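Only one structure is covered here, and it is reproduced in the block below.
The values are calculated or read from the model by the stated rules, or taken from the named source; none is laboratory data. Everything numeric in this text was worked out from a predicted model, so none of it was measured. Positions of Cβ are backbone-derived with ideal geometry, glycine not excepted, and every protein chain shown enters the neighbour counts.
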Amino acid sequence: MRWIFSLLAIFLLTFGMAHGAIAQTQTPQSQDAKIPVQIAKPLSKVEMQQLEDLAKQAFAATNAGDFPKAESYWTKMIESFPENAAAWSNRGNAKASQNKLEAAILDYTQAIKLAPSATDPYLNRGTALEGLQRWQDAIADYDRVLALDAKDAGAFNNRGNAKASLGKWQEAIEDYQTATNLDPHFSFVRANYVQALYQVGKTDEAIKMMRNILRKYPNFADVRAALTAALWQQNKAGEAESNWVSVESLDPRYRDLDWVANTRRWSPAMTTALENFLKLQ
């Protein structure tokens with residue numbers, strides 16, 4: 001996956017990616033705070049308290065990783081307040097976190113109908129579409145986000161991921177560069193950017209970027225694994241091996257080339273470089 005950002009953000013910096021079939025992309029938001037809470041009629045104090053209590057319970061379940069329970073709370077909110085776009089989008093997030101992507105897309109679509117000017121449901125639906133390998137549909141959703149907010153770094157990152165999956169590496173690089181310019185501290189987009197640079201043969205630039213990332217985030221397993229592969233291809237065996245020791249302690253999944261290629265969605269060139277390294281391990 002090129003990386004997606006959200007609930008997993010802090011986890012990824014230390015341990016690598018855990019979500020399925022979505023690159024390091026901006027993932028579904030844990031709380032769609034930017035979506036207007038649309039209520040057709042004024043609420044009583046009791047109804048307001050009910051709404052607040054359900055939301056608190058849903059977010060607590062989400063933070064605990066209990067996504068089925070979070071989904072049930074959002075469902076209760078939707079049953080009482082069906083015009084609440086945020087509830088639909090957040091229930092979509094809970095479903096996406098359970099890999100119920102088709103069902104999540106239906107919820108995001110309903111949120112979009114209720115709040116067509118909100119960006120989060122489009123971004124989240126695009127992420128779910130990526131999980132189903134519906135790259136063009138995902139790009140269309142990211143385009144819509146950017147039409148609403150031309151400075152959304154997450155949308156540029158995600159669109160770059162989808163374009164990379166279509167083999168449009170130069171276009172992906174342009175999106176990653178824009179995302180980086182908009183948010184210089186967005187480390188996940190740099191991990192994706194590295195993959196694209198390496199794929200088009202800009203090896204030295206990719207290695208320089210990886211070293212810079214690791215100076216700030218030394219436990220970023222994905223980047224350290226990629227640096228291992230790139231250094232090995234340059235016959236810098238000692239430095240490659242040294243980096244790999246850290247990778248193995250941080251996230252052993254990088255030994256699984258199928259996971260690297262199809263779940264994390266590394267570029268073909270970087271995946272091949274890692275395969276060459278692992279053959280001699």
Q. Any chance region 162-180 includes a residue that's under 12 Å from the mean Cα position of the chain (by Cα), closer than 20 Å to Ile105 by Cβ, at pLDDT 95 or above and not aliphatic (A, V, I, L, M)?
A. no
(Q) Going by what's in this entry, would Ile173 be described as surrounded by fewer than 24 Cβ atoms within 10 Å (Cβ to Cβ), among the β-branched types (Val, Ile, Thr) and within 21 Å of Thr272 (Cβ to Cβ)? (A) yes
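So which helices (runs of 4 or more DSSP H) are wholly in region 181-281 and hold at least 2 residues that are loosely packed, with under 15 Cβ neighbours inside 10 Å and without any contact (Cβ under 8 Å) to a residue 40 or more places away in the chain?
In region 181-281, 203-216, 237-250, 257-262, 268-279 are the helices (runs of 4 or more DSSP H) which contain 2 or more residues that are loosely packed, with under 15 Cβ neighbours inside 10 Å and without any contact (Cβ under 8 Å) to a residue 40 or more places away in the chain.
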**Q.** One residue from Trp88, Trp74 being in contact with a Leu (Cβ under 9 Å, 6 or more places away or on another chain), crowded, with 24+ Cβ neighbours inside 10 Å, over 26 Å from Asp149 (Cα atoms) and not hydroxyl-bearing (Ser, Thr, Tyr)
**A.** Trp74
Q: Assess whether Tyr198 counts as being touching a Phe, Trp or Tyr at 6+ places or on another chain (Cβ under 7 Å) and under 15 Å from Ser267 (Cα atoms).
A: no
Q) Taking region 191-217 on its own, how many of its residues are β-branched (Val, Ile, Thr), within 14 Å of Ala229 (Cα to Cα) and under 20 Å from the mean Cα position of the chain (by Cα)? A) 1
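Looking at region 66-169, what helices (runs of 4 or more DSSP H) fall wholly within it and have at least 1 residues that are of a type outside the set (D, E, K, R) and free of Cβ contacts under 8 Å to residues at least 12 places away in the same chain?
Hits in region 66-169: 67-80, 101-114, 135-148.
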